[in-house]
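A.B. asks: Please read through the structure below; I'll follow up with questions.
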Amino acid sequence: NIGGVLHFTEDRVSSSPLEARTLGYPIRGQLQSDQSATQLLISGVTDVDRLQKQFAFLKNQAAKGGFNYQAALTLPYAADQPDVLQITSNLQGVSLDAPERLGKTAGEERALNLRFVLDDSEFVPLHIGYGRDLQAALQIDGKRNGLRSAHIVYGEGSAEIFDRPGLKLEIRQPQFKLSEALAAFGTGDAPARLPPLQELVLDSGELLWQG
């Protein structure tokens, strides 16, 4: 259920504060528009468990906790422009058990940016930015509730949509603990959640291996 009041003019739509529930928690929203698009702004809270139940490809044992987020759904009037859902959070409240600089405690903040492109494509593009070190471009297969492809960049560089099924992984770090990363990747259900590895780029001045 959504509660609130919509306001219409000849060429605009807006609203009073809207209240609803999603991902198990209440949210607040505001509808606004300009000459090019209508936009729904949302602020809310959720937790890792709820997200993993909604999106099977997110399931893992490394992340725990709850967090606040802000979202903006932009609906352009132009027929040739896709709808875009942008979600941001500082992830305070979430702990992440991960190697190198990707891990964090629940008290730490780490910027997360998600950008879904919602068009008529068979697969939904999702661009992810996590902190300063990780970028990813994914194709979500909605029918299987899984990933068709993924391009993940750890370090300098940008991630682009991988044009065929599978995983492209780029690691660009001055120093990289290879044994630790392989151990983390090989445990749990990480290999099952990700598409098969198709390309690997490893650019590091120093590879560390601890047996």
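A.B. asks: Lys/Arg Cβ at +1, Asp/Glu Cβ at -1, dipole of region 1-75 taken about the Cα centre: which of Gly29, Gln52, Phe67 is farthest positive-ward?
C.D. replies: Going by the Cα projections, it comes out as Gln52.
A.B. asks: Let me ask something else. What does DSSP give for the chain in terms of the percent of beta bridges that are antiparallel, rounded to the nearest 5? Before the final figure, lay out each step's value.
C.D. replies: Numbers: 63 of 80 bridges.
Taking every DSSP beta bridge within the chain, about 80 percent pair in antiparallel fashion.
A.B. asks: Can you tally the lysine pairs in the chain where the Cα-Cα distance is under 18 Å and the two residues are eight or more apart, or on different chains?
C.D. replies: 6
A.B. asks: Not counting ligands, DNA or RNA, and with a 1.4 Å probe, what is Ser14's accessible surface area in Å² rounded to the nearest 10?
C.D. replies: 40
A.B. asks: Can you give the accessible area of Val13, probe radius 1.4 Å, in Å² rounded to 10?
C.D. replies: 20
A.B. asks: When the accessible area of region 39-103 is computed with all protein chains present and a 1.4 Å probe, what percentage of it is carbon and sulfur?
C.D. replies: Summing carbon and sulfur atoms, their accessible area is 54 percent of the total for region 39-103.
A.B. asks: Follow-up. Just to make sure I understand: if all protein chains stay in place, what is the order of Lys143, Lys168 by accessible area at 1.4 Å, largest first?
C.D. replies: Final ranking, largest accessible area leading: Lys143, Lys168.
A.B. asks: Give me the 1.4 Å probe accessible area per residue for the chain, excluding ligands and nucleic acids, in Å². All intermediate terms of the calculation are to be shown ahead of the outcome.
C.D. replies: Details: 12620 Å² over 211 residues.
On a per-residue basis, 60 Å².
A.B. asks: Take the Cα atoms of region 1-142, build their convex hull, and give its volume per residue in Å³. Numbers along the way, then the final one.
C.D. replies: Values: hull volume 18.2 nm³, N = 142.
Cα-based convex hull of region 1-142, divided per residue, equals 128 Å³.
A.B. asks: Hey, with R₀ at 30 Å, roughly what FRET efficiency would Ala111 and Arg12 work out to, going by the Cβ-Cβ distance, to 0.05? Spell out each step's value before the answer.
C.D. replies: Numbers: r = 32 Å, r/R0 = 1.07.
Efficiency, rounded to the nearest 0.05: 0.40.
A.B. asks: Could you sort Val117, Val124, Val5 by their accessible area in this structure, using a 1.4 Å probe and putting the largest first?
C.D. replies: Val5, Val124, Val117
A.B. asks: Assuming R0 = 22 Å, can you tell me the calculated FRET efficiency for the pair Asn90 and Val45, based on Cβ-Cβ distance, to the nearest 0.05?
C.D. replies: With R0 = 22 Å, the Cβ-Cβ based efficiency is 0.95.
The values are calculated or read from the model by the stated rules, or taken from the named source; none is laboratory data. None of these values were measured; they are calculated from a predicted model. Please note: Cβ atoms are built from the backbone with ideal geometry, for glycine as well, and neighbour counts cover all protein chains shown. Keep in mind that these areas ignore ligands, DNA and RNA; they rest on the heavy atoms of the full protein, side chains included. Shrake-Rupley method; radii C 1.70, N 1.55, O 1.52, S 1.80 Å.
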